[in-house]
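Taking it in order: structure first as structure tokens, then the write-up.
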Amino acid sequence: MQSEAPVSIESRALGTLAYIRTSMELSGSMVVPGTAGVVMGSIGLLAAIVAATPQGSSHWLAIWMLAGATAFLVGGALMAREAAQSGHARYLGPVRKFLLCLGPALLAGAVLTLVLWHAGEERLLPGTWLLLYGCAVLSASTVTVRSTMRLICMMGALFVVLGSAAFALPAELHTTLLACGFGALHIIFGLLIGRLGHAE
């Protein structure tokens, strides 16, 4: 019976280096599941549909605020579940960095929502939301895993474009822009991220 061929020290070293590289990336980067984007986008589309109805149009601010809070909580829960299932939950550093990148722009959006609503300038809210959310996503993309960083960065940039456009376009198009951003962009990029994850 022939003995198995010995494993070269170079192969073992390369395997060890690959393991170390992966561990370092996971300890410093956040894994964003594509399902989170799809679910958040579905909530956004549902909010746009309800807000566009005659009954919902008079409550559009409350509808979008509720949708935003729900999407944030559900998306966060899906990201936490992904981390737990993949065994990355022990890495708290990436979560902290992700929230620190995402949080300031979202907090600014919440404050400006209150200020603009109190001033009677609700027409500026869609552009403000899209623009600041895009800035938050762009910032948070820097602490996501390398394989999805570019996609998340592109999504953030498109949110910034939509937000900038919302300030120039008539109010009649604002619900459509919100649907395109918080609905369609989340779903499209969620599917792309999910497909990328399955391909790896």
Selection from the range 153-178 of residues that are more than 19 Å from A52 (Cα to Cα) and among the aliphatic types (A, V, I, L, M) | M154, M155, A157, L158, V160, V161, A165, A168
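Which one is modelled with the highest pLDDT among residues in the range 29-71 that are of a type in the set (S, T, Y) and more than 20 Å from P126 (Cβ to Cβ)? Walk me through how you get there before you give the answer.
Here is the first cut: in the range 29-71, the residues of a type in the set (S, T, Y) are 29, 35, 42, 53, 57-58, 70.
Checking the rest, the ones that are also more than 20 Å from P126 (Cβ to Cβ) come to 29, 35.
Details: S29: 70, T35: 90.
Looking at residues that are of a type in the set (S, T, Y) and more than 20 Å from P126 (Cβ to Cβ), I get T35.
Tell me, which helices (runs of 4 or more DSSP H) lie completely within the range 114-189 with 1 or more residues that are touching a Lys or Arg at 6+ places or on another chain (Cβ under 8 Å) and under 14 Å from W64 (Cα atoms)?
Numbers: elements: 125-141, 146-168, 174-178.
Once the helices (runs of 4 or more DSSP H) in the range 114-189 are filtered for at least 1 residues that are touching a Lys or Arg at 6+ places or on another chain (Cβ under 8 Å) and under 14 Å from W64 (Cα atoms), what remains is 174-178.
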Residue check, G93 within 20 Å of the chain's Cα centre (by Cα), farther than 20 Å from G194 by Cβ, at pLDDT below 85 and part of a helix (DSSP H, G or I) = yes
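Would you confirm whether or not the range 9-28 contains a residue that is among the small types (G, A, S) and either buried (at least 19 other Cβ atoms within 10 Å of the Cβ) or at pLDDT 85 or above (or both)? Working first, answer last.
Let us first name the residues in the range 9-28 that are among the small types (G, A, S), namely 11, 13, 15, 18, 23, 27-28.
In the following step, the residues that additionally are either buried (at least 19 other Cβ atoms within 10 Å of the Cβ) or at pLDDT 85 or above (or both) were identified as none.
No.
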Of the residues in the range 92-127, those that are charged (D, E, K, R) and either touching a residue at least 40 places away in the same chain (Cβ under 8 Å) or crowded, with 17+ Cβ neighbours inside 10 Å (or both) number 3
Go through the range 128-185 and give me each residue that's free of Cβ contacts under 8 Å to residues at least 60 places away in the same chain, of a type in the set (S, T, Y) and farther than 22 Å from V74 by Cβ.
-> T128, T142, S147, S164
Determine if the range 152-159 includes at least one residue that is surrounded by fewer than 15 Cβ atoms within 10 Å (Cβ to Cβ), of a type outside the set (D, E) and at pLDDT below 95.
-> no
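The values are calculated or read from the model by the stated rules, or taken from the named source; none is laboratory data. Source: prediction; values computed, not measured. Note: ideal-geometry Cβ built from the backbone for every residue, glycine included; neighbour counts use all protein chains shown.
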